Amino acid sequence: MGTGPKVDPATGLILRHLDSAQMPASCLLVRCGNRRTTRCRSCAEVYRHDSAAPTRT
């Protein structure tokens, strides 16, 4: 488990505090970023519509 405070450098005040114990499954889940469906279906779905438009020559 971990914590991650966000502190205002000018004042030293804590603006936001993240405690992984309060998250579902007690951890912060992040995407792996792999675009292949065979490797990570969840990430592939995010990037599915992200392909570049066909280029014209």
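The values are calculated or read from the model by the stated rules, or taken from the named source; none is laboratory data. In this text, all values refer to a predicted model and were calculated from it rather than measured experimentally. A quick note on method: Cβ atoms are made from the backbone with ideal geometry, for glycine too, and the neighbour counts reach across all protein chains shown. Areas reflect the complete protein model, heavy atoms only, side chains present, ligands, DNA and RNA absent. Shrake-Rupley method; radii C 1.70, N 1.55, O 1.52, S 1.80 Å.
Which residues, counting only those in the stretch 18-44, are modelled with pLDDT of 80 or more, within 17 Å of the chain's Cα centre (by Cα) and outside any helix (DSSP H, G or I)? Break it down stepwise before answering.
Kept after step one, since they are modelled with pLDDT of 80 or more, are these residues of the stretch 18-44: 32, 34-44.
Remaining after also requiring within 17 Å of the chain's Cα centre (by Cα): 32, 34-35, 40-44.
Residues satisfying the conditions are Cys32, Asn34, Arg35, Cys40.
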Q. Of the residues that sit in the stretch 45-57 and are of a type in the set (D, E, K, R) and open to solvent by 90 Å² or more (accessible area, probe 1.4 Å), which one is modelled with the highest pLDDT?
A. Glu45
Q. How many residues are surrounded by 10 or more Cβ atoms within 10 Å (Cβ to Cβ) and aliphatic (A, V, I, L, M) if we restrict to the stretch 22-41?
A. 2
